[in-house]
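Please read the structure below before turning to the comments.
The values are calculated or read from the model by the stated rules, or taken from the named source; none is laboratory data. These figures come from a predicted structure and were not determined experimentally. Ideal geometry is used to build each Cβ from the backbone, glycine not excepted, and the neighbour counts take in all protein chains shown. Note: accessible area is taken over every heavy atom of the protein model, side chains too, but ligands, DNA and RNA are not part of it. Shrake-Rupley method; radii C 1.70, N 1.55, O 1.52, S 1.80 Å.
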Amino acid sequence: MNQYADRLSATPQPLLERPASRPVQFPLGVHGQGAGHGLPARLTREADLPGIVVDAHPPRRVRRHIARAGFSLAVLAGLWVALTGGTAQGWMIGGPAILAATALIFLYPAPPRWRLSPVGALRFGPWFALRLLLGALDVARRALGRRPRLAPGCRVFRTRLPEGAPRLLFANVITLLPGTLTAGLHDELLLIHMLDTDADLEAQLRPLEARVAALFRLRTVPPHLALENTP
Amino acid sequence: MSIELLALVLIAAGAAFFVVGTIGLLRFPDTLCRLHALTKADGLGLGLTCLGVALLVGSVGEMLRILLIWGLVAVSSAVSGHLIAGHVLRSNAPVRGR
């Protein structure tokens with residue numbers, strides 16, 4: 001580590017220049033905060049490391065790819081067996097489909113890791129089932145009315161959920177809630193189509209957002225988003 | 001007997017929601033509103049039908065398989081609804097109250 005000492009002292013340290021109230025967002029793939037070897041956390045990012053260290057990384061990246069492919073193959077094969085019973089003939093279709101799907105996954109960057117909370121899931125299930133019922137009854141009421149009662153339009157909603165699985169689940173569940181449908185997803189902004197634009201979108205979606213956060217064990221809202229929380 | 005009756009009621013209710021979804025599809029004014037009818041009413045319709053069928057099958061494995069099918073259809077209906085809505089907004093299709 002000593003041979004990089006001159007480099008380290010010459011490198012600006014953006015970490016220390018940030019106001020204390022705004023925690024630094026670490027780029028994906030950084031584990032720990034430069035712990036152990038006394039380096040500023042920012043410098044452990046691959047891009048900041050001297051060339052010789054970066055060269056040592058590919059094997060780990062390859063291992064990560066293999067783990068990702070293996071996980072995908074296992075999940076898809078499990079689904080296939082569950083759906084078809086796993087007969088030999090079925091694999092003639094299922095095998096290529098699973099391989100193709102696994103290859104497709106690598107067209108997209110690896111999503112951030114997530115974990116589910118069992119308690120959150122138990123609370124989310126019945127709540128979601130009830131919303132599904134209310135959503136369908138709402139559509140039924142409008143469809144069967146003498147004149148469909150509609151005041152459709154689009155609204156933008158800024159979510160505080162992090163990208164990846166939480167945000168995607170949020171977007172998809174919105175579509176199954178009464179009167180709302182996700183028409184577009186651009187980073188933290190969701191374009192919501194509403195059957196009745198007089199309804200209070202904020203009051204409808206914030207509770208859902210909180211439940212999705214609880215489901216994924218996201219205890220606190222990321223502070224940098226909470227500051228610019230939109231109406 | 002009573003379980004079969006309950007299953008019958010659930011399946012009938014599921015079919016009714018499919019019919020309502022189709023009525024909405026026909027009566028709602030534009031593509032986006034029609035998507036509401038399909039994603040919500042048909043989603044619940046399939047859910048009720050699956051629940052009814054799951055009550056009728058004997059084994060737990062079959063029940064889980066039916067629930068899995070419902071889950072996959074629910075996800076694909078939400079995702080395809082999202083894709084269709086995105087396409088509608090990018091195209092020049094008439095949309096009310098844009």
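Residues to consider are B:G43, B:G58; find the one that is more than 19 Å from A:T84 (Cα to Cα) and either open to solvent by 50 Å² or more (accessible area, probe 1.4 Å) or without any contact (Cβ under 8 Å) to a residue 60 or more places away in the chain (or both).
Within the list B:G43, B:G58, the selection yields B:G43.
When both residues are 6+ apart or on different chains and their Cβ atoms are under 6 Å apart, which pairs have a first residue that lies in the range A:194-210 and is buried (at least 20 other Cβ atoms within 10 Å of the Cβ), and a second that is in a helix (DSSP H, G or I) and not aromatic (F, W, Y)?
A:L195/B:H36
Mind checking which residues of the range A:66-90 are open to solvent by less than 60 Å² (accessible area, probe 1.4 Å) and not in a helix (DSSP H, G or I)?
Passing the criteria: A:G85, A:G86.
Among the candidates B:L51, B:L89, B:L83, single out the residue that is within 21 Å of A:V173 (Cβ to Cβ) and surrounded by 18 or more Cβ atoms within 10 Å (Cβ to Cβ).
Just one listed residue meets the conditions, B:L51.
From the list B:T22, B:T31, pick out the single residue that is under 19 Å from A:L132 (Cβ atoms), surrounded by 14 or more Cβ atoms within 10 Å (Cβ to Cβ), more than 7 Å from chain A (Cβ to nearest Cβ) and polar (S, T, N, Q).
After applying the criteria, what remains is B:T22.
Cβ contacts < 6 Å: first residue without any contact (Cβ under 8 Å) to a residue 12 or more places away in the chain, restricted to the range A:150-179; second residue in a strand (DSSP E or B), any location; separation 6+ or different chain. Result?
Short answer, once both residue conditions are applied: A:T175/A:L181; A:T175/A:T182.
Regarding A:A129, is this residue assigned by TED's automatic domain parsing to the domain that holds A:L185 and open to solvent by less than 40 Å² (accessible area, probe 1.4 Å)?
When the stated conditions are applied, A:A129 does not pass them.
When you go through A:V139, A:V156 one by one, which is the residue that is loosely packed, with under 15 Cβ neighbours inside 10 Å and within 14 Å of chain B (Cβ to nearest Cβ)?
A:V156
Would you say A:R167 is within 21 Å of A:E209 (Cβ to Cβ) and surrounded by 13 or more Cβ atoms within 10 Å (Cβ to Cβ)?
So A:R167 fits the description; yes.
Got a sec? Which of B:L38, B:L32, B:L48, B:L25 is touching a residue at least 60 places away in the same chain (Cβ under 8 Å) and part of a helix (DSSP H, G or I)?
B:L32 is the lone residue from the list that is touching a residue at least 60 places away in the same chain (Cβ under 8 Å) and part of a helix (DSSP H, G or I).
Starting from the range B:69-91, keep only residues that are without any contact (Cβ under 8 Å) to a residue 24 or more places away in the chain, then list their pairs with residues that are surrounded by 19 or more Cβ atoms within 10 Å (Cβ to Cβ) and hydroxyl-bearing (S, T, Y) whose Cβ atoms are within a distance under 7 Å, requiring at least 6 positions of separation or different chains.
From the range B:69-91, the pairs are B:H82/A:T175; B:H82/A:T182.
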